[in-house]
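Participant: Below you'll find the structure I mean.
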Amino acid sequence: MGPTGAGKSTLIDVATGQDGHTVGHRMKSHTSDIRSVRVPHPTLGHPMIFVDTPGFDDTYKSDTEILTIIANWLVKTHKGNGNLATIICLHRITENRMAGSLLKNVRMFVSLCGQEAMPNVVIATTMWGEVKTENGERREKELKETFWKDLLDEGCRVERFEDTYESAWLIVDRLAMEDRAKMRLTHEMVDR
Ligand SMILES: Nc1nc2c(ncn2[C@@H]2O[C@H](COP(=O)(O)OP(=O)(O)OP(=O)(O)O)[C@@H](O)[C@H]2O)c(=O)[nH]1
Ligand SMILES: [Mg+2]
């Protein structure tokens, strides 16, 4: 999840070896529906499904519409049997101001999944190549100490996406399988 243009489709393409045609290089929001990519885990071999979502602050859709699309897709596809392993929220480290909507949307989604889901949430910062490392690190520190502090206290992690396959999988894998809280979404939760 994350704002439009944060690099969601890019991360998934890098992690799954796709050719990048799903990445938008224009100014308007690119991914308008849910896209899922199934790949075997690189070392463990079991199936993993990456779910690409439309960005919040989308050019054409409201945040509530987008949350509903995501939640409905999860319920429909997995009929309540699928567990969400990790929720990756992307934030551009080039952003010199913090919009309130990322936090609001993370909170709203986690409240759908249940509060114990917070350790399954990773905030991954993107676009490190576009900032001087020291500036990026200063911002990262400030974000951890202020805007993201409450989320971190509740068990959420912050990682960097460094545009590589290894980095993408580190973000996915840092949380050991057995520590993953079971997150289930039901129709009732979505309706509510
Ligand atoms: N330099 C740099 N560019 C990136 C990075 N991630 C994404 N981009 C570029 O940012 C633009 C948008 O990336 P997408 O992956 O399409 O973003 P998205 O979050 O899927 O956007 P929506 O589908 O609109 O929600 C593309 O031009 C990407 O090549 C990154 O880590 N570094
Ligand atoms: Mg996209």
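Participant: Can you go through 92, 139, 107 and tell me which one is under 14 Å from the mean Cα position of the chain (by Cα) and modelled with pLDDT of 90 or more?
Facilitator: Numbers: 139 fails: under 14 Å from the mean Cα position of the chain (by Cα); 107 fails: modelled with pLDDT of 90 or more.
Answer to the selection: 92.
Participant: Sticking with this structure for a sec: Looking only at helices (runs of 4 or more DSSP H) that lie completely in the stretch 50-146, which have at least 1 residues being closer than 22 Å to residue 189 by Cβ?
Facilitator: Numbers: elements: 63-78, 100-113, 133-145.
Per the criteria, 63-78, 100-113.
Participant: Output the residues belonging to the stretch 34-60 that are within 11 Å of ligand 2 (Cβ to nearest atom) and closer than 19 Å to residue 102 by Cα.
Facilitator: The initial filter retains those residues of the stretch 34-60 that are within 11 Å of ligand 2 (Cβ to nearest atom), namely 34-35, 52-55, 58.
Matches in the stretch 34-60: 34, 52, 53, 54, 55, 58.
Participant: Now for a separate question. Look through the stretch 162-192, keep the residues that are part of a loop (DSSP other than H, G, I, E, B) and of a type in the set (S, T, N, Q), and return whichever of them is modelled with the lowest pLDDT.
Facilitator: Ranking the candidates gives 186 first.
Participant: Just one of 43, 53 is modelled with pLDDT of 80 or more, of a type in the set (Ser, Thr, Tyr) and within 24 Å of residue 5 (Cβ to Cβ); which is it?
Facilitator: On the way: 43 fails: within 24 Å of residue 5 (Cβ to Cβ).
Matching residue, one of 43, 53: 53.
Participant: Could you grab me the full set of residues in the stretch 19-51 that are touching a strand residue (DSSP E or B) at 6+ places or on another chain (Cβ under 7 Å) and surrounded by 18 or more Cβ atoms within 10 Å (Cβ to Cβ)?
Facilitator: Hits for the stretch 19-51 are 31, 48, 50, 51.
Participant: Let me ask something else about it. Can you name every residue in the stretch 9-35 that is basic (Lys, Arg) and under 20 Å from residue 77 (Cα atoms)? Step through it out loud before you land on a result.
Facilitator: So in the stretch 9-35, the residues basic (Lys, Arg) come out as 26, 28, 35.
Hit for the stretch 9-35 is 35, nothing else.
Participant: Hey, another quick one. In this structure, does residue 128 turn out to be modelled with pLDDT of 90 or more, surrounded by fewer than 18 Cβ atoms within 10 Å (Cβ to Cβ) and aromatic (Phe, Trp, Tyr)? Give the derivation first.
Facilitator: Numbers: modelled with pLDDT of 90 or more: yes; surrounded by fewer than 18 Cβ atoms within 10 Å (Cβ to Cβ): no; aromatic (Phe, Trp, Tyr): yes.
So residue 128 fails the test.
Each row is one residue, and each column tells you yes or no for (1) in contact with a His (Cβ under 7 Å, 6 or more places away or on another chain); (2) of a type in the set (D, E, K, R); (3) more than 25 Å from residue 10 (Cβ to Cβ).
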residue: 67; (1), (2), (3): no, no, no
residue: 92; (1), (2), (3): no, yes, no
residue: 98; (1), (2), (3): no, no, no
residue: 104; (1), (2), (3): no, yes, no
residue: 111; (1), (2), (3): no, no, yes
residue: 135; (1), (2), (3): no, no, no
residue: 139; (1), (2), (3): no, yes, no
residue: 152; (1), (2), (3): no, no, no
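Participant: Starting from the stretch 80-94, take each residue that is closer than 16 Å to residue 109 by Cα and among the polar types (S, T, N, Q) and list its partners that are surrounded by fewer than 17 Cβ atoms within 10 Å (Cβ to Cβ) and modelled with pLDDT of 90 or more, counting only C-beta distances under 9 angstrom and pairs at least six apart or across chains.
Facilitator: From residues that are closer than 16 Å to residue 109 by Cα and among the polar types (S, T, N, Q), there are no pairs.
Participant: Give all pairs with beta carbons closer than 9 Å in which a residue from the stretch 123-135 that is closer than 25 Å to residue 86 by Cα meets a residue that is hydrophobic (A, V, I, L, M, F, W, C) and surrounded by fewer than 19 Cβ atoms within 10 Å (Cβ to Cβ); count only pairs at least 6 apart in sequence or on separate chains.
Facilitator: Matching pairs, first to second residue: 123/152; 123/158; 124/158; 125/158.
Participant: Let me ask something additional. Anything in the stretch 2-18 that is more than 11 Å from ligand 2 (Cβ to nearest atom) and either crowded, with 20+ Cβ neighbours inside 10 Å or polar (S, T, N, Q) (or both)? List them, or say none. Outline the logic, then answer.
Facilitator: Here is the first cut: in the stretch 2-18, the residues more than 11 Å from ligand 2 (Cβ to nearest atom) are 14-18.
Once the filter is applied, which keeps residues that are more than 11 Å from ligand 2 (Cβ to nearest atom) and either crowded, with 20+ Cβ neighbours inside 10 Å or polar (S, T, N, Q) (or both), the stretch 2-18 yields 14, 15, 16, 18.
The values are calculated or read from the model by the stated rules, or taken from the named source; none is laboratory data. Worth saying up front: this structure is predicted, and the values here are computed from it rather than measured. Positions of Cβ are backbone-derived with ideal geometry, glycine not excepted, and every protein chain shown enters the neighbour counts.
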